[in-house]
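The values are calculated or read from the model by the stated rules, or taken from the named source; none is laboratory data. Quick caveat, the model's predicted, so the values are computed rather than measured. Note that each Cβ is placed from the backbone with ideal geometry, even for glycine, and that neighbours are counted across all protein chains shown. Just so you know, the surface numbers come from the protein's heavy atoms only, side chains and all, with ligands and any DNA or RNA stripped out. Shrake-Rupley method; radii C 1.70, N 1.55, O 1.52, S 1.80 Å.
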Amino acid sequence: MQIRPGDTYDPRVIALLDHHVTAARAQTAPGSAHALDLAGLRAPDIAFWTGWEGETLVATGALKTLSAEHGEVKSMHTRQTTRRRGFGGQMLRHIITEARARGLKRLSLETGSWDYFKPAQALYEAHGFVACAPFEGYVEDPNSVFLTLDLTGR
């Protein structure tokens, strides 16, 4: 997979992100969905990437800068037809590498607690993320799981 800066004006990217937001919201209780829409991904505190296999868009991922030391993983999504091929892990490793290069000391995320999100939770945990308290404006919610990764260790 080739990872490139994401173009939020590319119709292929728009279609995959629309699917991601729609699916996430359909699998989450009202008020508990935190997936970024296109406007959110265009914010100055967001770095957004896309993963390509040839000319096929297979994955997306973003890094939101919360502070000089803390970032948040956002918009992680792998096209349904290309799942279980390692693209999600590649994108996550790219985001972790970028976060370290930017001097961040901690990387956190929120994902759903429902069965639909269990594969994502397993991916994050396989990369060293551990449970944490809500952060940066999130609140305790039985529909959310909060995870964090200490970037200062190897």
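Note on the chain: along the principal axes its Cα atoms extend 38, 36, 30 Å, ordered by decreasing extent. Rounded to the nearest 500, the helix-only mean residue ellipticity at 222 nm of the chain stands at -8500 deg cm²/dmol, with each DSSP H run of n ≥ 4 adding -39,500 (n - 2.57).
Under a Cβ-only charge scheme (Lys and Arg +1, Asp and Glu -1), can you give me the dipole magnitude of the stretch 20-154 about the Cα centre, in debye to the nearest 20? Please list the in-between numbers first.
On the way: 15 positive and 14 negative charges, 86 e Å.
Dipole about the Cα centre, nearest 20: 420 debye.
Here the chain has 52 percent of its accessible surface on carbon and sulfur atoms, given a 1.4 Å probe and all protein chains in place.
Less than 5 angstrom separates the built amide H of C132 from those of F146, L147, T148, all sequence-distant by 5 or more or on a different chain.
3J(HN,Hα) along the stretch 103-113: x, 6, 9, 8, 10, 10, 7, 10, 9, x, 9 Hz, from the Karplus curve 6.51 cos²θ - 1.76 cosθ + 1.60 with θ = phi - 60°, whole Hz, x for Gly and Pro. Across the stretch 127-136, computed HN-Hα scalar couplings (Karplus, 6.51 cos²θ - 1.76 cosθ + 1.60, θ = phi - 60°) run 9, x, 6, 10, 4, 8, 6, x, 9, 6 Hz from first to last residue, x flagging Gly and Pro. With a cut-off of 13 Å between beta carbons, the residues surrounding H94 carry a summed charge of +3, where Lys and Arg count +1 and Asp and Glu -1.
In sequence order, the stretch 45-56 has phi-based couplings of 8, 10, 10, 10, 10, 10, x, 10, 10, x, 9, 9 Hz under the Karplus curve 6.51 cos²θ - 1.76 cosθ + 1.60, θ = phi - 60°, and Gly or Pro positions carry x.
Near the amide H of L36, within less than 5 Å, lie the amide hydrogens of S75, all on another chain or at least 5 residues away, with H placed in the peptide plane.
Compute the accessible area per residue over the chain, keeping the other protein chains in place, probe 1.4 Å, unit Å². Each step should come with its number before you reach the end.
Numbers: 7810 Å² over 154 residues.
Ligands and nucleic acids excluded, the result is 51 Å² per residue.
Annotation: amide H-H contacts under 5 Å for L151 (H modelled 1.01 Å from N, sequence separation of 5 or more, or interchain): R106, L107.
How many Å³ per residue does the convex hull of the Cα positions in the stretch 85-148 occupy? Write down the numbers at each step before the final one.
Working: hull volume 5.3 nm³, N = 64.
Here the figure is 83 Å³ per residue.
For the pair Q2/T97, report the inter-label distance in nm, with labels modelled 7 Å from Cα in the Cβ direction. In this crude label model, Q2 to T97 measures out at 1.6 nm. When each of the peptides 83-96, 31-44, 58-71 is scored by how many other beta carbons lie within 10 Å of its residues on average, the order from highest to lowest is 58-71, 83-96, 31-44.
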